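Since the structure comes first, as structure tokens, the remarks are kept for the end.
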Amino acid sequence: MSFIAMFRDRNDTIAAIATPLGEAGISLLRVSGVRAIEVVSGVFRGKSLLSEAISHTIHHGRIVHPRDGVVDEVLVSVFRKPHSYTGEDGVEISCHGSYFVSRKILETVIGAGARMADPGEFTQRAFLNGKMDLMQAEAVADLIHSKTALAHRASIEQLSGRLSAAINNLRKKLIDLCSLLELELDFAQEGIGLTDPKKTISVFSEAITEIETLIESYNYGKLIRDGVKVVLAGSPNVGKSSLLNVLLQENRAIVSEIPGTTRDVIEEAVVIDGIVFRLVDTAGLRITTDTVEQEGVRRSNDQISSADLILLLVDSSIPLGSALNSVLGFLKDYSKRVVLVLNKTDIKSPSFEYRQLREFEGLAISCITKQGIGDLTKKIVHLVLGGFDSYSSSITIQSERHRYLLKLTEENLISASSAFKSGLGNELVAIDLRGALNCLGEIIGLTTPDDILNNIFSRFCVGK
Ligand SMILES: Nc1nc2c(ncn2[C@@H]2O[C@H](COP(=O)(O)OP(=O)(O)OP(=O)(O)O)[C@@H](O)[C@H]2O)c(=O)[nH]1
Ligand SMILES: [Mg+2]
């Protein structure tokens with residue numbers, strides 16, 4: 001959101017096309033604000049008067065441009081505050097899905113007194129009017145961007161408020177403790193204690209454990225949200241591009257018997273078992289005098305170092321010989337992130353020296369006969385999801401903002417807890433506790449600074 005947008009009048013009436021522009025069955029425009037019904041009413045001709053419409057009713061009629069006449073035959077839905085998405089009066093116009101019609105209706109509505117909405121402004125108003133908290137608003141954006149069943153489920157959970165409820169519960173417990181500790185200060189002179197030290201320590205440790213569990217869930221949340229980057233690496237001609245094509249089930253990359261075919265990085269996504277795998281084919285690794293290929297090798301190394309998982313391919317039909325050293329170097333340097341893939345087993349089954357390498361969890365495949373490909377995908381999914389079995393049904397956080405604030409909360413709580421244990425006095429304990437509460441409040445939008453709020457909503461699309 002622009003700097004100017006931060007100072008927008010939040011009481012004016014906004015409008016936007018909510019559906020993608022292009023040819024479609026229908027298109028939807030949204031109008032929200034104190035004058036929403038009045039504005040649309042001014043350009044709508046139908047049997048009934050919109051200004052008298054009750055909430056949640058649909059009206060048939062035409063949108064008429066004051067100069068150019070009828071724009072389209074439409075259905076208009078009326079929502080009266082507070083029972084609308086934004087919590088304000090709102091109107092939704094369903095028109096024919098034509099680029100021209102949608103734009104013309106928007107122009108007509110703006111001409112009648114609305115202004116173009118900023119990205120995410122409808123959801124921002126919903127948040128400001130208390131229709132949802134910040135975490136739920138962020139879930140709306142995640143839901144729109146979710147590409148797989150797992151990512152979809154995580155955003156639906158967050159939108160339903162389960163994650164917000166967990167944060168709110170935690171806040172409530174800590175607020176109770178903080179109030180008691182502060183109240184106790186008033187009675188310090190009389191030596192009256194209101195808190196049970198044992199119980200206080202256990203409130204701290206339970207809260208810290210709960211937060212740690214949420215922080216740990218971020219790795220899983222990030223995985224299902226952003227997917228996994230799998231880099232196909234190895235010497236030239238080992239079949240990296242062939243494997244990319246097999247996994248994508250399309251001839252995406254050029255395959256040839258000439259070593260050094262792939263010069264650039266090729267990235268394509270594929271969904272396996274609900275996870276987005278971003279497959280990256282790279283130039284074969286070798287020392288070369290060709291400057292273009294040198295650049296390709298440099299790019300391959302960049303990709304390898306940022307990979308979540310590396311499929312290290314070798315051509316198992318030729319003797320391992322000197323290749324062994326570089327292969328072992330990889331297995332050592334990138335350890336857990338490497339899967340050794342012995343390709344071309346249709347030519348001949350891997351010799352003894354290759355079988356020895358299988359202690360590094362190598363897999364034998366053939367891109368020609370597709371033998372072993374099923375095992376390879378199973379193995380990749382297992383490696384990626386294996387450590388996360390317990391997360392699929394529990395609450396997961398998906399956002400770096402949430403992870404960062406939970407980490408700060410944890411640090412504040414650890415410091416409060418140790419201040420309490422070393423008898424530093426309630427004032428100091430309460431300062432850290434308040435710090436923790438502030439961070440939790442920032443997650444759900446209670447204490448979030450305006451610039452951060454604006455930044456969050458600016459990443460939404462216009463019309464949401
Ligand atoms: N017999 C057999 N040939 C294969 C197999 N996989 C790939 N090839 C062949 O090996 C040659 C090289 O394949 P590519 O996929 O281009 O190899 P690459 O690793 O991408 O090579 P560069 O891009 O040059 O680094 C081609 O002729 C492929 O048809 C396999 O499993 N069996
Ligand atoms: Mg290639």
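Miscellaneous remarks
- Test for ALA207: is it within 16 Å of ligand 2 (Cβ to nearest atom) and either in contact with a Lys or Arg (Cβ under 9 Å, 6 or more places away or on another chain) or free of Cβ contacts under 8 Å to residues at least 60 places away in the same chain (or both): no
- A residue that is surrounded by 14 or more Cβ atoms within 10 Å (Cβ to Cβ), in contact with an Asp or Glu (Cβ under 8 Å, 6 or more places away or on another chain), within 29 Å of LEU128 (Cα to Cα) and of a type in the set (A, V, I, L, M, F, W, C) occurs nowhere in the stretch 50-67.
- Residue, surrounded by the most Cβ atoms within 10 Å (Cβ to Cβ), within the stretch 169-189, restricted to residues that are free of Cβ contacts under 8 Å to residues at least 12 places away in the same chain, part of a helix (DSSP H, G or I) and over 38 Å from the mean Cα position of the chain (by Cα): LEU183
- Top-ranked residue in the stretch 128-162 [being farther than 18 Å from CYS461 by Cα and of a type in the set (Lys, Arg); ranked as surrounded by the fewest Cβ atoms within 10 Å (Cβ to Cβ)]: ARG162
- For the stretch 256-266, a residue qualifies if it is crowded, with 17+ Cβ neighbours inside 10 Å and near ligand 1 (Cβ under 7 Å from one of its atoms), and the qualifying residues are GLY260, THR262.
- Of all residues in the stretch 258-268, those being acidic (Asp, Glu) and within 11 Å of ligand 2 (Cβ to nearest atom) number 1.
- Subset of the stretch 68-78 [surrounded by 15 or more Cβ atoms within 10 Å (Cβ to Cβ) and touching a residue at least 24 places away in the same chain (Cβ under 8 Å)]: VAL71, ASP72, VAL74, VAL76, VAL78
- Summed over the stretch 217-254, the residues that are modelled with pLDDT of 90 or more, more than 13 Å from ligand 2 (Cβ to nearest atom) and among the charged types (D, E, K, R) give a count of 2.
- Restricting the stretch 269-288 to residues that are charged (D, E, K, R) and either within 14 Å of ligand 1 (Cβ to nearest atom) or over 32 Å from the mean Cα position of the chain (by Cα) (or both) leaves a set whose member that is surrounded by the most Cβ atoms within 10 Å (Cβ to Cβ) is ASP281.
- For ARG278, the test of being closer than 27 Å to LYS222 by Cα, in a helix (DSSP H, G or I) and basic (Lys, Arg) is failed.
- Residue list for the stretch 437-455, restricted to those being within 21 Å of LEU214 (Cα to Cα) and not acidic (Asp, Glu): LEU437, ASN438, CYS439, LEU440, GLY441, ILE443, ILE444, GLY445, LEU446, THR447, THR448
- Of the residues making up the stretch 289-310, those that are within 11 Å of ligand 1 (Cβ to nearest atom) and of a type in the set (A, V, I, L, M) number 1.
- Of residues in the stretch 289-319 being aliphatic (A, V, I, L, M) and away from ligand 2 (no atom under 16 Å from the Cβ), the one surrounded by the most Cβ atoms within 10 Å (Cβ to Cβ): ALA307
The values are calculated or read from the model by the stated rules, or taken from the named source; none is laboratory data. Quick caveat: nothing in here was measured; it's all calculated off a predicted structure. Note that we place each Cβ from the backbone using ideal geometry, even for glycine, and neighbour counts take in every protein chain shown.
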